Amino acid sequence: MPQITVDYSERLADGFDRPAFARDLHTAVVEIAAAKPPACKTRFRRTEDVVVGPDTDGHALVHVHIGLLPGRTDDTKARLTETVLELLRRYVKAEQGVTLHASAEIRDLDASYRKFEE
């Protein structure tokens, strides 16, 4: 915990400083949601195809999913979501003429969530 997944358009690969984003995101999750630094895990998934409405060109997407153990208030989740969007503004640069669609979601992990480390 937390489990962080970042889906992003392939066309953002060169304009998205993923290591810096993850570093600052982990710091924010620790400060805002009281996570422990070694527990922060982020994976990035590049998406090849993006369609927005009828358009197959001219758009790029990035969506951040954060799963936390239950117990955070709605206010805490909202603050973290706003921070994620601020970090995306800082670390994602779309090429000229491309509309960037950025979003984030904070959710509670299901009660069935389990993990192990070796």
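In 10 Å bins starting at zero, report the fraction of Cα pairs in the stretch 76-116 per bin as a rounded %.
For the stretch 76-116, the pair-distance distribution reads 23, 35, 27, 13, 2.
In deg cm²/dmol, rounded to 500, what helix-only [θ] at 222 nm does the chain give when every DSSP H run of at least 4 residues adds -39500 (n - 2.57) and the total is split over its residues? Show your work: numbers first, answer last.
On the way: 2 runs with 34 residues, N = 118.
Calculated mean residue ellipticity at 222 nm is -9500 deg cm²/dmol.
Where the Cα atoms of the chain are projected onto their three principal axes, how long is each span, largest first, in whole Å?
Computed over the Cα atoms, the extents are 41, 31, 26 Å.
Provide, for q = 0.16 Å⁻¹, the log10 of I(q)/I(0) from a solvent-free Debye sum over equal Cα point scatterers in the stretch 27-73.
-0.64
Round to a whole number: what % of the accessible area of the chain belongs to carbon and sulfur, probe 1.4 Å? It would help to have the intermediate numbers written out before the result.
Numbers: 3470 of 7170 Å².
C and S fraction of accessible area: 48 percent.
For the chain, set up a Gaussian network in which alpha carbons nearer than 10 Å are linked by springs, and say which option among GLU105, GLU48, GLU95 fluctuates the most.
It is GLU48.
The values are calculated or read from the model by the stated rules, or taken from the named source; none is laboratory data. Quantities reported herein were computed from a predicted structural model and do not represent experimental measurements. Accessible surface is based on the protein model in full, side chains and every heavy atom, while ligands, DNA and RNA are left aside. Shrake-Rupley method; radii C 1.70, N 1.55, O 1.52, S 1.80 Å.
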